[in-house]
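One structure is given here, and the rest of the page talks about it.
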Amino acid sequence: MSTNESGGDHYFTADPASDGERRRIGVELAGRRVDVEVAPGIFNPQGVDKGTRILLAEVPDPPTEGTFLDLGCGWGPIALTLGLLAPAAQVWAVDVNRRALDLTRRNATTLGLGGIHAVEAHEVPEGATFDVIWSNPPIRVGKAVLHDLMLTWLPRLAPGGRAFLVVQKNLGSDSLQEWLEAHLPDGLTVGRWATSKGFRVLVVEWD
């Protein structure tokens, strides 16, 4: 994720104190125009940020069903895209920001996507594994927190599953790739899937 665009609160604050007034905007997700709700104090209240647009443009379509994860969901552009592309899938959208989770739930309801579950991390079923992980990870939370997130969630890829992470090059995409290669459990490989407009899309999968 990129800069703090919430007007004072960080998007990774659990309970933003800024004005919570929601507004509706039009965005393009999964090749169609949809209306969604956004609000201050989340990532990204202006719409679909550049990194997420690149991720969604570069990754292959998910399987038609399975269990998916959007790590750091914001108002839900990644989770909603997964739900639109694979209505039969169960999509877990995870964030620390409760306002963002509420918006993701509202947007999923508006779009009729009953398979999306917007929750805090501890609410994801213990032992669940994921066929797909798509994430614009919260780089600005700091390396320690980011690394903990990566080590917590990436090993929960199901056999045959793949994770795609979009990271800005000048915010450390290459150093994150090197760190993942050195610290992920044996059997998980890391590669570069795509490079576009100053971003890298990394792919993580089992051998």
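The values are calculated or read from the model by the stated rules, or taken from the named source; none is laboratory data. None of these values were measured; they are calculated from a predicted model. All Cβ positions, glycine included, derive from the backbone under ideal geometry; neighbour counts span all protein chains shown.
In this structure, does Arg105 turn out to be basic (Lys, Arg), closer than 27 Å to Leu202 by Cα, over 12 Å from the mean Cα position of the chain (by Cα) and modelled with pLDDT of 95 or more? No: the conditions fail for Arg105. Residue pairs whose Cβ atoms lie under 9 Å apart, separated by 6 or more positions or on different chains, with the first residue in segment 116-132 and in contact (Cβ under 8 Å) with a residue 60 or more places away in the chain and the second of a type in the set (Asp, Glu), are Asp131/Glu65. So which residues in segment 1-42 are closer than 24 Å to Trp193 by Cα and modelled with pLDDT under 95, if there are any at all? Listed by number, the residues that qualify are Met1, Ser2, Thr3.
Only one entry of Ala144, Ala182 meets the criterion of being of a type in the set (Gly, Ala, Ser), over 16 Å from the mean Cα position of the chain (by Cα) and under 22 Å from Gly51 (Cα atoms), and that entry is Ala144. Just one of the listed residues (Gly76, Gly72) is buried (at least 21 other Cβ atoms within 10 Å of the Cβ), under 12 Å from the mean Cα position of the chain (by Cα), within 21 Å of Phe164 (Cβ to Cβ) and touching a residue at least 60 places away in the same chain (Cβ under 8 Å), namely Gly72. Checked against the criterion of being buried (at least 23 other Cβ atoms within 10 Å of the Cβ), under 15 Å from Val166 (Cβ atoms) and acidic (Asp, Glu), segment 86-104 contains not a single residue that satisfies it. Of the helices (runs of 4 or more DSSP H) entirely within segment 31-113, those holding at least 1 residues that are over 21 Å from Ile133 (Cβ atoms) and of a type in the set (Asp, Glu) occupy 98-110. If Trp193 passes every condition in (1) of a type in the set (A, V, I, L, M, F, W, C); (2) more than 19 Å from Phe43 (Cβ to Cβ); (3) out of contact with any helix residue (DSSP H, G or I) (no Cβ under 8 Å at 6 or more places or on another chain) but one, which one does it miss? Trp193 satisfies all of (1) of a type in the set (A, V, I, L, M, F, W, C); (2) more than 19 Å from Phe43 (Cβ to Cβ); (3) out of contact with any helix residue (DSSP H, G or I) (no Cβ under 8 Å at 6 or more places or on another chain) except (3). Just one of the listed residues (Ala121, Ala108, Ala144) is under 19 Å from Asn44 (Cβ atoms) and not hydroxyl-bearing (Ser, Thr, Tyr), and it is Ala108. For segment 120-138, a tally of residues being crowded, with 21+ Cβ neighbours inside 10 Å and either over 12 Å from the mean Cα position of the chain (by Cα) or in a helix (DSSP H, G or I) (or both) returns 1. Restricting attention to segment 139-159, the residues that are touching a strand residue (DSSP E or B) at 6+ places or on another chain (Cβ under 9 Å), hydrophobic (A, V, I, L, M, F, W, C) and either without any contact (Cβ under 8 Å) to a residue 60 or more places away in the chain or surrounded by fewer than 16 Cβ atoms within 10 Å (Cβ to Cβ) (or both) add up to 4.
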